[in-house]
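First up is the structure itself, then whatever we jot down about it.
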Amino acid sequence: MGPERGAERARSHLGLESSTAARDIHELRNLLEAWRDARRTAWQTVIKVITTGILAALLVGAAIKLKLMGFEQDAIVWVGADAVPQLILLR
């Protein structure tokens, strides 16, 4: 039994003995590559969501901490018929 005969048996065993076997293998490789790309993109998305969540939590925590430390923001309020701005402190 020569190497060609062994290769034919292997292809037959895998169901790739037809004339479209090369195209089938090419399509399978493309499908596998697409699966790997989708998996990589999914992981990247998960990492981005976690990172965004952590940053948002830090910002909220900083805002709460600043308010607890007594820092308050001033607001300009328009008062009167002539709309003269007055600076008042909101508490």
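Set the Förster distance to 30 Å, then compute FRET efficiency between L32 and L58 from the Cβ-Cβ distance, nearest 0.05. Numbers along the way, then the final one.
On the way: r = 39 Å, r/R0 = 1.32.
Efficiency, from the Cβ-Cβ distance: 0.15.
Can you tell me the length gained on complete extension of the stretch A42 to A21, counting 0.36 nm per residue apart and subtracting the Cα distance?
Details: separation 21, 0.36 × 21 = 7.56 nm, distance 3.13 nm.
Full extension from A42 to A21 adds 4.4 nm.
Computed from the C-beta positions of E4 and I50, the FRET efficiency with R₀ = 41 Å rounds to 0.15.
Rule-based calculations on the coordinates, nothing more; no lab input. Source: prediction; values computed, not measured. Every residue, glycine among them, receives a Cβ derived from its backbone with ideal geometry; neighbour counts consider all protein chains shown.
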